[in-house]
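All remarks here apply to the structure that follows.
The values are calculated or read from the model by the stated rules, or taken from the named source; none is laboratory data. Everything quoted here is computed from the prediction, not taken from an experiment. Cβ placement follows ideal geometry from the backbone for every residue including glycine, while neighbour counts extend to all protein chains displayed. Heads up: the accessible areas ignore ligands, DNA and RNA and are worked out on the full protein's heavy atoms, side chains in. Shrake-Rupley method; radii C 1.70, N 1.55, O 1.52, S 1.80 Å.
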There are 2 protein chains.
Amino acid sequence: MITKNDIKQLQKLIGKENVKDSKPHLLAYSYDATRKQYLPEAVVFPKDEKDVRKVLRYCNDKKIPVVPRGAGSGFTGGALPVKGGIVLALEKHMNKILEIDTKNMVAVVQPGVINKTLQKEVEKLGLFYPPDPASQEYSTIGGNVAENAGGMRATKYGITKDYVMALRAVLPNGDLIRAGKKTIKDVAGYNIPGILVGSEGTLAVITEITLKLIAKPKLTKTVMGVFESVKDAMNAVYKSLAGGANPVAMEFLDNLTIQAVEKKFKKGLPTDAGAILISDIDGNVEEEISYQLSLLEKFFKENNVKEFKIAKNNAEAADIWFARRNASQSITIYGEVKINEDVTVPRSELPRYLEEVERISNKYNLKIPCFGHTGDGNVHTNVMVNKDQIETGYKAIEEIFKVTLDLGGTLSGEHGIGLSKASFMKMAFTSEEIELFKAIKKAFDPNNILNPHKMGL
Amino acid sequence: MITKNDIKQLQKLIGKENVKDSKPHLLAYSYDATRKQYLPEAVVFPKDEKDVRKVLRYCNDKKIPVVPRGAGSGFTGGALPVKGGIVLALEKHMNKILEIDTKNMVAVVQPGVINKTLQKEVEKLGLFYPPDPASQEYSTIGGNVAENAGGMRATKYGITKDYVMALRAVLPNGDLIRAGKKTIKDVAGYNIPGILVGSEGTLAVITEITLKLIAKPKLTKTVMGVFESVKDAMNAVYKSLAGGANPVAMEFLDNLTIQAVEKKFKKGLPTDAGAILISDIDGNVEEEISYQLSLLEKFFKENNVKEFKIAKNNAEAADIWFARRNASQSITIYGEVKINEDVTVPRSELPRYLEEVERISNKYNLKIPCFGHTGDGNVHTNVMVNKDQIETGYKAIEEIFKVTLDLGGTLSGEHGIGLSKASFMKMAFTSEEIELFKAIKKAFDPNNILNPHKMGL
């Protein structure tokens, strides 16, 4: 329990205006995108790294839980203060792009920078920061690193971890750690960025991030394929990639999702289609684009595509993408509550995975619309339930997790474990593996003050 | 000290023929590429992961040091048993390619597989494993992962860590850890592959590695640029990359290296040149190749290239590469002993770095030929000394390290810390950072049996 004196001491350390315990502040920082609520005891707004160090040192001494928070847009409760303590809100002051170093093609940012803001700034200079989580308009780079966020472009360009070159981070005891360099190669010491990325705020508070940028490809093109069956579409996905195609994105909508978007927006979508694939390709010269298009056309046709459409211009591309971008909000027609999972399987297992989802859907008599990033095997699987069916919904989810793991997949491709999936850790990991996670946690955070009770640890 | 009984017990566990303590065996496993020698007390050849588990469990109980070893081709003593104990030789039995999964574009290998063997096998299937350390003909994938090996293609394709999707590894206590999946995205649990890569055999013994493969580009082209000054060449390097060029490799030879190769091989190299750049580019269509060539030509010319040559065929390409491939053996004309460092600086600092190396060379009156991977800022800096100058050589090295760190670089871009650079860890890291490394080491290896005394830990 935080005392009045703790508040005073923290205010003395970093300024009265930066430590709040009024009800409106506590409420504002008690939610995240899971819509679950846990009240913090104080909200702390560090101005800089020095403030982070002071706050952590204090809280570590007093064993006060600290939950680092970016935009609070996570889907697994990573930013929820389930054990009380303070929320360390990094988006208010620590939100600057410190440097875009065009010579070395890196950006140095504070954790509170919005993903899309960074993308826009580097694109002005002909550079490119590929990771594009669906939350890109509001999620922060710090949160992206903590969750190892993915996105649509992962098929070609990988995910957040593939762009983190260096970090500055503060350990729970207040020690500052600088790890990595502005260089592709750095093999001195343990790979600290490697373990901090995806650690969900449980090991250290990241205060500065150096990100790799690449040259922005000059040309892009959008393609759509309409398939009679999910199986054909999924075969087209993995066979295209294994056949040499290198699409930026390879996105998928199943029949239920197509129907939902059509019902809501009346766009003339083929509501009888088993699945739609949407793909972006990019390159610097027209001939590379043509080459990639020819590969997609070949493998789509070999897998019985009914319609293969290449967008002629930006308007047509936007039109094709409309269905995918509005999938998530449209499927709410199927139930009051959406239990949204982000399981991922090896691409070649996508046909079997979706067969299994259909079986589970029938077994529990629940609609389970699926869409997402099939190029990397990451299918957003949405179990739709009414409020009185939530228990049944979670039974279906458990079965979906089991299928996923049996197919060599993972519980989470993008969202992390956090609170929501913590109870499934024992399904995915052996007790020896969980013991190792605990030992790592203890090495960084012996007093267990940082984002306690997350990831099943 | 290992006793006769320990040998007997280990033989009982994994077979008499797989545990050796005869002098010839101990001698054969007492060296690595540093040419330093430390005798192990036994050499152990596990047949499989089960054997690794049995051996580690035994050694952990008895607190016997275990040094995992691939080909012993490391340059920093990573495979040397400096505290005695056993060498765990993984190249003898655990050297199989277990699977090349073309559907998911991954290879699953045992640690003892030779890098080049894997490259050749996947290329037969139109796939590509880019990491190409200079030791690729004999170094093992296990060693590559343990050292996070780089290579010439890092400029475009990154290094070993960028290809490790999943691992199986055995902890010192014998526990088996499975980490990662055959998927680009997996954010469940801590990123164990991220911390094991580059951990130099100090945290766990890697028993199986799943590597990402990509589609093999259809076309490549080789280019050479001759420059009057190192400064012009280094400006051409980083300006090409910042200007949108995406070369596979961007290699460099300085004047001393050019002279040495010419003296040894009489190839008609321009011995008055300040520097030569050699670059490979690749792509799927001719127009992409032309586009990349036009960028290199533009930026090389803007930086005063004296000669810009595009290889017309494979023979000409091999001819251009000859000088680079024979650089390392040629520079031995400058001294009896080569102190070879693999420091790396941000690309934009290459001109200043090489100026500083020249200053240090003059100060100590030592020849310091430089060549290497300038595309990623990784310059092999070779302090050449006679046997009576070794101390002076190390003074020069220390100064080179200082300059490197001041320029935002790293002590090691490729070779790791091991034994050779252990004493410089305090120059590169704060005591807080070293404490964190020690805490991580302890989390994995509380008895400090795995590759003890390495990395300054």
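Count the net charge of all other residues whose Cβ sits under 12 Å from the Cβ of residue B:134, scoring Lys and Arg as +1 and Asp and Glu as -1.
Values: positive: B:116, B:153, B:324, B:325; negative: B:132, B:137, B:251, B:342, B:414.
Local net charge: -1.
Can you tell me the accessible area per residue over the protein assembly as shown, all protein chains present, probe 1.4 angstrom, in square angstrom? It would help to have the intermediate numbers written out before the result.
On the way: 34090 Å² over 914 residues.
Roughly 37 Å² per residue, with all protein chains present.
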Nearest 10, in degrees from 0 to 90: the angle of helix B:390-406 to the longest Cα principal axis of chain B is 80 degrees
Let me cross-check residue B:423: its accessible surface, 1.4 Å probe, with only protein heavy atoms counted, in Å² to the nearest 10? 90 Å²
Which of A:171, A:150, A:242 sits closest to the plus end of the dipole of region A:136-244, meaning its Cα is farthest towards the positive end, when Lys and Arg get +1 and Asp and Glu get -1 on the C-beta? A:242
Helix B:431-444 against the longest principal axis of chain B: what's the angle in degrees, Cα atoms only, rounded to the nearest 10? 50 degrees
Shortest-first nm distances, residue B:439 label point to equivalent points in other copies (7 Å, Cα→Cβ): 1.6
Which residue in chain B puts its Cβ closest to the axis that rotates chain B onto chain A, and at what distance in whole Å? B:194, 1
Among residues other than residue A:345 whose Cβ falls under 14 Å from its Cβ, what is the net charge (Lys/Arg +1, Asp/Glu -1)? -3
For residues of A:277-288, the mean tally of beta carbons on other chains within 10 Å: 3
How far apart are the residue A:3 label points across copies, placing each 7 Å from Cα toward Cβ, in nm, shortest first? 5.6
Normalised by the residues of chain B, what does the relative contact order come to in percent, with Cα pairs under 8 Å and at least six apart? 15 percent
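Tell me the relative contact order for region A:366-418 as a rounded percent, counting alpha carbon contacts under 8 Å between residues six or more apart.
Working: 37 pairs, mean separation 12.6, N = 53.
The normalised contact order for region A:366-418 reaches 24 percent.
Averaged over its residues, how many other protein chain Cβ atoms are within 10 Å of peptide A:431-442's Cβ atoms? Please list the in-between numbers first.
On the way: counts 1, 7, 9, 1, 4, 12, 5, 1, 7, 8, 2, 3.
Per residue, the average neighbour count from other chains is 5.
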What are the distances, in nm and sorted shortest first, from the label point of residue A:39 to the label points of the same position in each other copy, with each label point placed 7 Å from Cα along the Cα-to-Cβ direction? 7.2
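Let's see if you can work this out: charge +1 on each Lys and Arg Cβ, -1 on each Asp and Glu Cβ, no other charges. What is the dipole magnitude of region B:335-424 about its Cα centre, in debye to the nearest 20? All intermediate terms of the calculation are to be shown ahead of the outcome.
Numbers: 10 positive and 14 negative charges, 21 e Å.
The dipole magnitude comes to about 100 debye.
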Which whole-angstrom value gives the distance between the alpha carbon centres of region A:283-347 and region B:157-218? 31 Å
Among A:191, A:340, A:26, pick out the residue whose Cα is farthest towards the positive end of the charge dipole of chain A, where Lys and Arg carry +1 and Asp and Glu carry -1 on C-beta, about the Cα centre. A:26
Taking Cα atoms, the helix A:230-242 axis meets the longest principal axis of chain A at an angle in degrees (rounded to 10) of 70 degrees
To the nearest 100 Å², how much accessible surface do chains B and A hide from each other in total, with a 1.4 Å probe? 6600 Å²
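Taking region A:34-107, which trypsin sites (Lys or Arg not before Pro) meet the DSSP loop condition and have no more than 15 other C-beta atoms within 10 Å? Please list the in-between numbers first.
Details: sites: A:35, A:36, A:47, A:50, A:53, A:54, A:57, A:62, A:63, A:69, A:83, A:92, A:96, A:103; in loops: A:35, A:36, A:47, A:63, A:83, A:92, A:96, A:103.
Answer in residue order: A:35, A:36, A:47, A:63, A:92, A:96, A:103.
Tell me the carbon and sulfur percent of the accessible area for chain B, rounded to whole percent, probe radius 1.4 Å.
Working: 8230 of 17060 Å².
Using a 1.4 Å probe with all protein chains present, chain B comes out at 48 percent carbon and sulfur.
Where the only charges are on Cβ atoms (+1 Lys, Arg; -1 Asp, Glu), what is the dipole of chain B about its Cα centre, to the nearest 20 debye? Write out the running numbers ahead of the final one.
Working: 63 positive and 56 negative charges, 306 e Å.
Computed about the Cα centre, the dipole is about 1460 debye.
With +1 on each Lys and Arg Cβ and -1 on each Asp and Glu Cβ, and nothing else charged, work out how big the dipole of the protein assembly as shown is about its Cα centre, in Debye to the nearest 20.
Working: 126 positive and 112 negative charges, 349 e Å.
Value, rounded to 20: 1680 debye.
What number comes out for the charge environment of residue B:364, summing +1 per Lys or Arg and -1 per Asp or Glu over other residues with Cβ under 12 Å away?
Here the charged neighbours net out to 0.
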Taking every residue of A:405-411, the Cβ atoms of other protein chains inside 10 Å of its Cβ average out to 4
